[in-house]
Amino acid sequence: MQRSLTSDTDAEAVARRAPHVRGCADIGEDDISEDGIDHDDSRAAAGAGFRRLTLTNFRSYAFADVRFDGRPATFIGANGAGKTNLLEALSMFGPGRGLRSARLDDLARAEGDGRFAVAARFADADGDDGRALGVGIDRTPDGGAARACRLDGATARGPIAFADIVRFSWLTPAQDGLFTAAAGERRRFLDRIAQTQDAGHSRAAADYEAAARQRQRLLDERRGDEAWLSALETRMAEAGVALAAGRRDAATTLASFDVSGLADGAFPAAVIAIEGELEAALDGAVAADVEDAFVAELKARRRRDADAGRATYGPHRSDLIVSHRAKGTLARLCSTGEQKALLIGLVLANACALARRAGAAPLVLLFDEIAAHLDPNRRAALFDIVDGLGLQCFMTGTDESLFASWGRRAQAFRVEGGAVHEI
């Protein structure tokens, strides 16, 4: 079943509630141009954001120490120079396995001792020194790898400890085919959006996957431990309903901001729907009742799931359906350029929504090679929107000219020979 999520909210209505796309900062309407974006090149680089990034034996870097001043940052260099590695290092302070979904062992420099460290200084909203963040690799007694996290010099309980400090949203070339890829790719994209809105979403996803794996193992082994199966199915239902509810909330948020009202409509608005039994069951229902029904469904499907080798019902089967609102065309049927613009529009819609949310941890944008495949007008529009939001953004590209329209609004770095130098 599909649940369509649309909104008639436009840029003008948003401006009435919060008079700029940067969020509820101390800026009046006189400071904003007609397209809703602050274009003041001279504004101070202030507010929350990364001020320093230090890498030791991470990917291609034996050592790197990069200082940021709060402006958007561009990393420029040849293919293979290590630009994406810098974005990946930043993404390690978020939930999950980072921008490339890599194994921990793959993050350590090949010529090193198997360990790595990523350290950062994240300034608070007043521009003060803020917090010290650290991520590295620990070895378990059996020789395995575990992510080690530190916050302000103390051991942290994992990347969830950073969720109240910083959140990430990213786009990479691997996502260019999102709308034509398997449904799992779109679920992961929506889950990452949901994680920026609710840090607990990643825990719900992890709990659901863990319980589902354990249940399937019991079914595969034909072990009829009723109490154990029932306990696992209850865990699946609790986490699965939370997961589905988080996705619905995320999709509603994406639909609540019409990005086509910014920058002369460079990025089209989308119609968003979630196709899934559990998400549909939550319509007008009490979560506890949906959980009970989910438990009953899992119990009834045990034999079928044992034969299939997988659970045949649940949020792991859902899909995100996106359409071009103005054209009424499914995203998967749009041109390559339109698909790229729709995808960027979804990320920007989420950024716009979070910028208006009081008390939310700052959002940092990571855009890998995003400028190379945009026409000059959309490229300039993207830069203007990001700059107007006042969010810290890190971008990579092979040619300095791709970022020319930034002017001095951005801090530029050259990446070559395993080193990073400010231009």
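Run the helix sum for the chain: -39,500 (n - 2.57) per DSSP H stretch of 4+ residues, divided by residue count, reported at 222 nm to the nearest 500 deg cm²/dmol.
-11000 deg cm²/dmol
With 10 angstrom as the radius, rank 299, 340, 83 by how many other C-beta atoms surround their C-beta, starting from the fewest.
Details: 299 12, 340 21, 83 26.
Placing the least packed residue first, the sequence is 299, 340, 83.
Rg and Dmax in Å for the chain, alpha carbons only: what are they?
When restricted to the Cα atoms of the chain, Rg and Dmax are 22.2, 69 Å.
What number do you get for segment 146-278 when its Cα radius of gyration is normalised by 2.2 N^0.38 Å, N = residues?
Here the Cα radius of gyration is 1.30 times the empirical estimate.
For residue 340, give me every one of the lysines with a C-alpha distance below 26 angstrom, ignoring sequence neighbours fewer than eight places off in its own chain.
Filter leaves 83, 327.
Report, in debye and to the nearest 20, how large the dipole of segment 65-198 comes out about its Cα centre when Lys and Arg carry +1 and Asp and Glu carry -1 on their Cβ. It would help to have the intermediate numbers written out before the result.
Details: 19 positive and 19 negative charges, 72 e Å.
With only Lys, Arg, Asp and Glu charged at Cβ, the dipole is about 340 debye.
Roughly how tilted is helix 201-220, in degrees to the nearest 10 and between 0 and 90, from the longest Cα axis of the chain?
Taking the Cα atoms of the chain, the angle to 201-220 is about 30 degrees.
Charges on Cβ only, +1 for Lys and Arg, -1 for Asp and Glu, centred on the Cα centroid of segment 348-423; of 417, 385, 396, which one is farthest towards the dipole's positive end?
385
Helix 287-300 against the longest principal axis of the chain: what's the angle in degrees, Cα atoms only, rounded to the nearest 10?
50 degrees
Of 135, 66, 286, which is the most mobile in a GNM of the chain whose springs link Cα atoms less than 10 angstrom apart?
286
Please get the size of the charge dipole for segment 107-146, origin at its Cα centre, with Cβ charges of +1 on Lys and Arg and -1 on Asp and Glu, quoted in debye to the nearest 20.
200 debye
Could you state the angle between the C-alpha long axis of helix 376-389 and the longest principal axis of the C-alpha atoms of the chain, as a value from 0 to 90 degrees rounded to the nearest 10?
With rounding to tens, the tilt is 80 degrees.
Provide Rg and Dmax in Å for segment 206-285, with only Cα atoms included in the calculation.
Cα radius of gyration and Dmax of segment 206-285 are 18.6, 61 Å respectively.
Around residue 84, with a cut-off of 11 angstrom between Cβ atoms, what is the net charge of the other residues, counting Lys and Arg +1 and Asp and Glu -1? Display every interim value, and only then the final one.
Numbers: positive: 59, 83, 100; negative: 88, 368, 369.
With Lys, Arg at +1 and Asp, Glu at -1, the neighbours total 0.
Taking one equal scatterer on every alpha-carbon of segment 340-397, how large is log10 of I(q)/I(0) by Debye at q = 0.27 1/Å?
-1.28
To the nearest 0.05, how large is the calculated FRET efficiency for residue 303 and residue 157 if R₀ is 45 Å and r is the Cβ-Cβ distance?
Approximately 0.70, to the nearest 0.05.
Using the Cα centre as the reference, give the magnitude of the dipole from point charges on the C-beta atoms of the chain (Lys, Arg: +1; Asp, Glu: -1; all else neutral), rounded to the nearest 20 debye.
1320 debye
Provide, as a two-decimal number, the C-alpha radius of gyration of segment 271-415 over 2.2 N^0.38 Å, N being how many residues it has.
Expressed relative to 2.2 N^0.38 Å, the Cα Rg reads 1.45.
By the scheme Lys and Arg +1, Asp and Glu -1, what is the net charge of all other residues having a beta-carbon under 9 Å from that of residue 396? Please list the in-between numbers first.
Working: positive: 83; negative: 368, 369.
With Lys, Arg at +1 and Asp, Glu at -1, the net is -1.
Quick note: the coordinates plus some simple rules give every number you see, no bench work behind them. Everything numeric in this text was worked out from a predicted model, so none of it was measured. Reconstructed Cβ throughout: ideal geometry from the backbone, glycine too, with neighbour counts over all protein chains shown.
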